[in-house]
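First up is the structure itself, then whatever we jot down about it.
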Amino acid sequence: MTMEIPFYCSFNDFQNNYENDLKNFLKIFEDATEKDYLKEVLKIYKSFLNAGQNHVIEEISCDYIMEDYPEYAELNLNSYTEIMQEKLKIYCSIRGFYDNEKKFHEDVEILDYWENCNIRTKENKLVITDDRHKYYRQFYNSFFDNIALDELKYDNFTFSIFKILDFINNKTNKIEPEIIQPENNIELTKDQKKRFTTPINIAILKELGVFGIMAKKGFNRKSIIDTLYQITGANSKNLEKYYDSMVKNDNIEFNNTHTKKAKEFLNSKGY
């Protein structure tokens, strides 16, 4: 699509700019309708939600490109921020945005190179492949050559996205009254919308003894992973990676960090 549809982090900004954005869209695409515009906007915001459309996906897809082939991985927001910070500094160094004393040029806005810097380099072999990557730029602030996630803006987005989707659905209903409404109209809390990542979910199931029970009932590796996929809706490759890591007990980070968080969660629930 030749037009970049605006992305908003708050419902008020989305609603206040809707008519103007729609008008610009119809100017460019003379044969399009409001329904076509709503479909395009819907694609953007739905990409932030899980399959059940009841919580925001916080894992960000990327490829770790080795010498021969890329390896799929997922990053949490903290890791994503660290990777992008490193990528931006590497890119700006290549572009000559630092002086001889390694001071960053004050007239350069580092976030302007958010997408340009997403390349494989000798120092950083990760490439962000997530379709939402270009929109995540809106959640960051910059100070010279440093970036920081605006947590308040991001947290507000986890609420506003559901209001935005309701707005789109209501507009669509006026155009097509017979469209089926989403079945899930339950108001979710912030904690329900921001669920655990895949490795923590696997660690919780391990602590509960679920995998042992499944093994006794005859489940093999493939059937366990297929079941996990149906329950969590997480990426199958990611499920395989963390499940195998748990079984082989070969990942220190998994066994320490994720298991610790799983135990803390279960203890908070009286387990």
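The values are calculated or read from the model by the stated rules, or taken from the named source; none is laboratory data. As the structure is a prediction and not an experimental result, all values here were calculated from the model. Virtual Cβ from ideal backbone geometry, glycine too; neighbours counted across all protein chains shown. Just the protein is used for accessible areas: all its heavy atoms, side chains included, with ligands, DNA and RNA removed. Shrake-Rupley method; radii C 1.70, N 1.55, O 1.52, S 1.80 Å.
A few notes on this one:
- Whenever a residue of region 250-271 is in a helix (DSSP H, G or I), its partners that are basic (K, R) and modelled with pLDDT of 80 or more, lying with C-beta atoms within less than 8 angstrom and at least six residues away or across chains, give the pairs T259/K206; A262/K206.
- Unique match (being open to solvent by 100 Å² or more (accessible area, probe 1.4 Å) and at pLDDT 80 or above) among K248, K269, K217, K237: K217
- Matching residues in region 168-205 - criterion: being in a helix (DSSP H, G or I), modelled with pLDDT under 80 and surrounded by fewer than 16 Cβ atoms within 10 Å (Cβ to Cβ): K190, D191, Q192
- Scanning region 7-32 for residues that are open to solvent by 30 Å² or more (accessible area, probe 1.4 Å), touching a residue at least 12 places away in the same chain (Cβ under 8 Å) and farther than 20 Å from S160 by Cβ returns N24, I28, F29.
- Any hit, region 93-102, residues being out of contact with any helix residue (DSSP H, G or I) (no Cβ under 6 Å at 6 or more places or on another chain) and either among the hydroxyl-bearing types (S, T, Y) or under 25 Å from Y45 (Cα atoms) (or both): yes
- Among the residues of region 1-36, the ones that are farther than 19 Å from K174 by Cβ, assigned to a loop (DSSP other than H, G, I, E, B) and of a type in the set (A, V, I, L, M, F, W, C) come to 6 in all.
This table checks each residue for (1) of a type outside the set (A, V, I, L, M); (2) open to solvent by 70 Å² or more (accessible area, probe 1.4 Å).
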| position | (1), (2) |
| --- | --- |
| K103 | yes, yes |
| I110 | no, no |
| C117 | yes, no |
| Y140 | yes, no |
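- Where L38 falls short, out of the listed (1) modelled with pLDDT of 90 or more; (2) out of contact with any Lys or Arg (no Cβ under 8 Å at 6 or more places or on another chain): (2)
- Selection status of Y91, touching a residue at least 40 places away in the same chain (Cβ under 8 Å) and either buried (at least 16 other Cβ atoms within 10 Å of the Cβ) or farther than 30 Å from N169 by Cβ (or both): no
- Qualifying residue in region 66-79 (condition: in a helix (DSSP H, G or I) and either among the aliphatic types (A, V, I, L, M) or surrounded by 15 or more Cβ atoms within 10 Å (Cβ to Cβ) (or both)): yes
- In region 142-167, of all residues being of a type in the set (S, T, Y) and assigned to a helix (DSSP H, G or I), the one that is surrounded by the fewest Cβ atoms within 10 Å (Cβ to Cβ) corresponds to T158.
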